[in-house]
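**Q** Just passing along the structure, written as structure tokens.
The values are calculated or read from the model by the stated rules, or taken from the named source; none is laboratory data. Only a predicted model underlies this, so the values are computations on that prediction, with no experimental measurement involved. Heads up, the Cβs are rebuilt from the backbone with ideal geometry, glycines too, and the neighbour counts pull from every protein chain shown.
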Amino acid sequence: MFSRFLRSVLILLAVAMSLRFCPSAFALPNFTTASAMKKRWLFVWRDMSDPKEVDKMIARFPRAKASGYNGVAFSYNIPAAKAPELRRAAKANGLDLIAIVMGGARDRNYVEGVLAKDALFTVNSGGALFTPDNPTHINNADFESVRGNHFNGWGFQDDEGVTTFADHEVTHSGKTSLRMESVSKNQYAHCRINQPIKLQPQRQYRISFWLKTENLAPADAEVKILTPDAQGSLSFQTFHTDKTQEWKQYNLVFNSFSSSNALLYLGTWNGKAGKMWWDDLKIEEIGLVNVIRRPGCPVTVRGERGTTYEEGRDYQKIVDPQFHPWLAYHDAPTIKLMPNTRIANGERLRVSYYHPIIVYEDRVNYCISEPKVFEDWREEVKQANALLHPTAFLMSHDEMRVMNQCYLCQSKKMTAGELLAWNVHKAAQIIREARPDAEIWVWNDMFDPLHNAVDHYYAVNGSLKGSWKGLDKDVGIVNWHGGLKGKNCKFFADLGLRQILSGYYDSDENGVEIADWLDKTKSVPSIVGAMYTTWEDRYDAMESWARRAWGGR
């Protein structure tokens, strides 16, 4: 065997010499790496409940086979009628099926909730309406009070008259708006304005504002609520801005958590060109918007004299008819009283409830403690197994940015890391019960001390350190932090866990990055494969990437 290996090396070296081999133009596959690349996967992230998306994936299989891919990872929820065709096509092209499961709960009420405590509702004519008892406000929120280009009432303003201006011609209302432009003139590409605001701890708030843009590049206007020292965040939701758009209103919802003071920032941290105009900001406390109703997120209503009232006896079940965790704001629901209620007209009620929070534009995480979530996961695995009989399952524990906030999670008296360890261990057991012979894989980030398994991760309550203790030895790691170039790979190798390097990420068109990643981890044991991972449905580079990853055609 060694002589055949040596002969192959000499032949390839001779070919390289005859072509005046240039390492930057063409790279021979690393033989140690190539021989270890047992898992050569293609990743598909589309709505697989759509038969057309299944057809598109199948159409790619011959290309994948030709370039040495031997597995395809995709969401389990394909139409039952397409399953036989998919299985036949995969088998014909030598591709294992990897079913992605456990992305969340089917019922929207099983998203993770954060506590809004003792919001005030006032009873009048058979109902109770939200009544903010500690109103907050933004100074000069309409930007009408100015001295030159300086906005009165705002505590900090970048580059007055250079990147921030008082505009008296383009306004949403009134006579003045805040215009930001020429951001590249700031050495840090910053263009911001801020002021301190007062908050009531553990309450739900809404910020609204109007924004207009013109040739904005990049289109990354932001509003942030930061801790008073500007080192932590209370808000995590962002919003989409077109390069050029007319005046548009935005609503961001956040929770004050334990803070009574905060800093409101608006502007950009990464601007280059174009203009944006801000006008008519508003901050207000809100109540029961997107109230979550599930066992682990109880709603309590009590009078200010201490009486705790009963749902179904004193008031009707509290629901938000417009409940939609991915849409931050709408009109708040009222509390409707029962005919024989003990609640008196004019009484002040204190209502505690849980609501979701959005991270970035649309990311909402599920609760990792509710039994119903595990029931849904069992059904997913059962369905995937019946339709596809996949070689492996990939668990979707990834970028879990809101955790250990609801009543049920906190009642377990665990750290966030301990809670996640418990959850992932239980999730793996579900797969083993259904398919003892199937491989189990999970993304690295939530179990990686060099990635997300850290303190102070978004809206996670408590430290995520130790989450990796829930990973059994047969659970493989799909490692997507290519930016570390393998610095985190040894950690998982020391735990005795296999790893697949998840590369490409819609940028590594010629495979240089995966080649470098593999080179830097060639001494790390248990790296068994690589996966071409696109989130933007881009497959033009799958051949060139495979050549650098494992010597594909």
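**Q** Being surrounded by 20 or more Cβ atoms within 10 Å (Cβ to Cβ) and touching a strand residue (DSSP E or B) at 6+ places or on another chain (Cβ under 7 Å) is the filter here; which residues of region 439-459 pass it?
**A** Ile440, Trp441, Val442, Trp443, Asn444, Ala459 - these are the residues of region 439-459 that are surrounded by 20 or more Cβ atoms within 10 Å (Cβ to Cβ) and touching a strand residue (DSSP E or B) at 6+ places or on another chain (Cβ under 7 Å).
Okay, residues lined up against (1) within 30 Å of Ser233 (Cα to Cα); (2) out of contact with any His (no Cβ under 7 Å at 6 or more places or on another chain); (3) not in a helix (DSSP H, G or I):
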site: Asp320; (1), (2), (3): yes, yes, yes
site: His324; (1), (2), (3): yes, yes, yes
site: Ala344; (1), (2), (3): no, yes, yes
site: Ile357; (1), (2), (3): yes, yes, yes
site: Glu375; (1), (2), (3): no, yes, no
site: Ala386; (1), (2), (3): no, yes, no
site: Leu394; (1), (2), (3): no, yes, yes
site: Met400; (1), (2), (3): yes, yes, yes
site: Leu408; (1), (2), (3): yes, yes, no
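**Q** Would you check which residues across region 74-100 are in contact (Cβ under 8 Å) with a residue 40 or more places away in the chain, out of contact with any Gly (no Cβ under 7 Å at 6 or more places or on another chain) and over 17 Å from Asp50 (Cα atoms) and list them?
**A** Matches in region 74-100: Leu97 only.
**Q** Also, I was wondering about something else. Taking the condition of being assigned to a loop (DSSP other than H, G, I, E, B) and among the basic types (Lys, Arg), how many residues in region 326-342 meet it?
**A** Residues of region 326-342 assigned to a loop (DSSP other than H, G, I, E, B): 326-334, 338-342.
With the extra rule that they be among the basic types (Lys, Arg), the set shrinks to 342.
Number of matching residues: 1.
**Q** Does Gly103 count as under 30 Å from His389 (Cα atoms), surrounded by fewer than 20 Cβ atoms within 10 Å (Cβ to Cβ), of a type outside the set (D, E, K, R) and at pLDDT below 95?
**A** yes
Here is a yes/no grid of residues against (1) more than 19 Å from the chain's Cα centre (by Cα); (2) touching a residue at least 40 places away in the same chain (Cβ under 8 Å):
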site: Asp448; (1), (2): no, yes
site: Asn452; (1), (2): no, yes
site: Gly466; (1), (2): yes, yes
site: Gly482; (1), (2): no, no
site: Lys487; (1), (2): yes, no
site: Val512; (1), (2): yes, no
site: Ser544; (1), (2): yes, no
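**Q** Test of understanding: among Leu216, Leu226, Leu263, Leu211, which residue is of a type in the set (A, V, I, L, M), surrounded by fewer than 21 Cβ atoms within 10 Å (Cβ to Cβ) and touching a residue at least 40 places away in the same chain (Cβ under 8 Å)?
**A** Of the residues listed, the single one that is of a type in the set (A, V, I, L, M), surrounded by fewer than 21 Cβ atoms within 10 Å (Cβ to Cβ) and touching a residue at least 40 places away in the same chain (Cβ under 8 Å) is Leu263.
**Q** Tally the residues that are modelled with pLDDT of 95 or more and either closer than 17 Å to His481 by Cβ or part of a loop (DSSP other than H, G, I, E, B) (or both), restricting the search to region 525-553.
**A** 15
**Q** I'd like to know if region 319-329 contains one or more residues that are within 30 Å of Phe156 (Cβ to Cβ), in contact (Cβ under 8 Å) with a residue 40 or more places away in the chain and either in contact with a helix residue (DSSP H, G or I) (Cβ under 6 Å, 6 or more places away or on another chain) or not β-branched (Val, Ile, Thr) (or both).
**A** Looking for residues that are within 30 Å of Phe156 (Cβ to Cβ), in contact (Cβ under 8 Å) with a residue 40 or more places away in the chain and either in contact with a helix residue (DSSP H, G or I) (Cβ under 6 Å, 6 or more places away or on another chain) or not β-branched (Val, Ile, Thr) (or both), one finds at least one in region 319-329, hence yes.
**Q** Hey, another quick one. Being polar (S, T, N, Q) and within 24 Å of the chain's Cα centre (by Cα) is the filter; apply it to region 266-307 and report the residue that is surrounded by the most Cβ atoms within 10 Å (Cβ to Cβ).
**A** Among those residues, the one meeting the criterion is Asn290.
**Q** Another question about this same structure. Given the conditions (1) over 29 Å from Arg401 (Cβ atoms); (2) not in a loop (DSSP other than H, G, I, E, B), and given that Asp142 satisfies all but one, which numbered condition is not satisfied?
**A** Failed condition: (2).
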